[in-house]
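Visitor: One structure, pasted below without further comment.
The values are calculated or read from the model by the stated rules, or taken from the named source; none is laboratory data. Since the structure is predicted, the reported quantities are computational estimates derived from the model, not experimental observations. Ideal geometry is used to build each Cβ from the backbone, glycine not excepted, and the neighbour counts take in all protein chains shown.
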Amino acid sequence: MSSAPEAAGHGSENPGAPPRRAPRHCFTVDVEDYFQVSNLEGMVPRESWSSSLSRVEIGTARVLENLDRHETRATFFVLGWIAEHHPGLVRRIAQAGHEIASHGYGHELVTSLDNRRFRSDVRRAKNVLEDLVGTPVVGYRAPSFTIVRSTLWALPILVEEGYAYDSSIVPIRHDRYGIPGSPASPHVVQTTSGPIREIPPSTLQVSGIRFPVCGGGYLRQYPFMVFRWMVRQVASRGDPIILFIHPWELDPDQPRLSADLVSRLRHYRNLGKTSERMQQLLAEFSFGRVRDIFPSLADAKMSRD
């Protein structure tokens, strides 16, 4: 079963162009460099990041080109570290009309942090990003989606630090992340510090098993016909599709690091196919920024301590 293709794009700003359907789904980008990902952790020590060959501008340029080709705006969850080292890149993303959100500062997994260090990380990232783009940063996504059952204490801290939504909790079983049984649709979580909207990356339940359908590695690892069918199923059931991608996934020429076999498969498999697959999804579905799909978030107040 498949749903009819949707009009893509966020709405043309050309007054002579035909009207386009308003976006129904969220396209998101986790902006980090290839040597910062959890699958390759330890291959490039954190203290050598600043002197390592960076490819983030190359991959991000390709993401931006694809989005522009399909007249689509997206939400970019940007590492604070990337913003400090590539400020022009972040400004370019914002000037193209995309939403800037936070991916934390240094890509430290929430499961490796205590309350104090987590607060410092998300506050630092928010301040760096807001100083660059001059607008409130109200969205957060944890590195490797590591707001899990044992780190739900992070949600009230996000509220206290001025974040209006989180997109970290995936309702699946995984070796690093996920809270099985958590709601698969966007919902509001009432924390001890106030409400926060949770926007879970897309999943699909088939024969009693919930599968991730949220992009990234799944876009590369699944046969594309299967992935697209699953995305269509999510859309046909009325939920917004929440997809994500990383800039390094559009950079097949990045350096190959000596990780274990599983990590290499997760990171490098089908990098050369990502751009084409991304464009096919952009052509079929109407994607926009998180704040387009949930407009009340655009009015959320930030706190700058």
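Visitor: Is it true that VAL159 is at pLDDT 95 or above and more than 19 Å from ILE100 (Cα to Cα)?
Guide: no
Visitor: What are the pairs, 6+ residues apart or on separate chains, where a residue within segment 155-179 that is at positive phi and in contact (Cβ under 8 Å) with a residue 40 or more places away in the chain has its Cβ under 9 Å from a residue that is of a type outside the set (A, V, I, L, M) and surrounded by fewer than 24 Cβ atoms within 10 Å (Cβ to Cβ)?
Guide: Close Cβ pairs (under 9 Å, with a partner that is of a type outside the set (A, V, I, L, M) and surrounded by fewer than 24 Cβ atoms within 10 Å (Cβ to Cβ)) amount to GLY162/ARG123; GLY162/PRO136; GLY162/LYS301; GLY162/SER303; GLY162/ARG304; GLY162/ASP305.
Visitor: Is segment 59-75 home to any residue that is surrounded by 19 or more Cβ atoms within 10 Å (Cβ to Cβ) and within 25 Å of VAL148 (Cβ to Cβ)?
Guide: Yes, that holds for at least one residue.
Visitor: Given the condition assigned to a strand (DSSP E or B), over 18 Å from the mean Cα position of the chain (by Cα) and over 18 Å from GLU284 (Cα atoms), answer yes or no: does some residue in segment 211-231 qualify?
Guide: Checked against the condition, which is being assigned to a strand (DSSP E or B), over 18 Å from the mean Cα position of the chain (by Cα) and over 18 Å from GLU284 (Cα atoms), segment 211-231 yields no hits at all.
Visitor: Further question: Could you check, for segment 92-102, whether at least one of its residues is assigned to a helix (DSSP H, G or I) and either hydrophobic (A, V, I, L, M, F, W, C) or at positive phi (or both)?
Guide: Scanning segment 92-102, I find at least one residue that is assigned to a helix (DSSP H, G or I) and either hydrophobic (A, V, I, L, M, F, W, C) or at positive phi (or both), so the answer is yes.
Visitor: Another question, then. Working carefully through the options VAL262, VAL206, VAL213, find the one that is closer than 24 Å to ASN66 by Cβ and β-branched (Val, Ile, Thr).
Guide: VAL213
Visitor: In this structure, does GLN190 turn out to be within 23 Å of SER167 (Cβ to Cβ), at pLDDT 95 or above, polar (S, T, N, Q) and not in a loop (DSSP other than H, G, I, E, B)?
Guide: yes
Visitor: Restricted to segment 287-305, and to residues that are at pLDDT 50 or above, more than 13 Å from ARG197 (Cα to Cα) and not small (Gly, Ala, Ser), which residue is surrounded by the most Cβ atoms within 10 Å (Cβ to Cβ)?
Guide: Only one residue fits best here, namely PHE287.
Visitor: Name the pairs whose Cβ atoms lie under 7 Å apart, with the first residue in segment 12-37 and closer than 21 Å to LEU53 by Cβ, the second modelled with pLDDT under 90 and in a loop (DSSP other than H, G, I, E, B), and 6 or more positions between them or separate chains?
Guide: Listed by first residue and then by second, the contacts come to PHE35/MET43; PHE35/VAL44.
Visitor: Next question, about the same structure. Within the group HIS267, HIS246, which residue is of a type outside the set (S, T, N, Q), surrounded by 15 or more Cβ atoms within 10 Å (Cβ to Cβ) and at pLDDT below 95?
Guide: When all the criteria are applied, what remains is HIS267.
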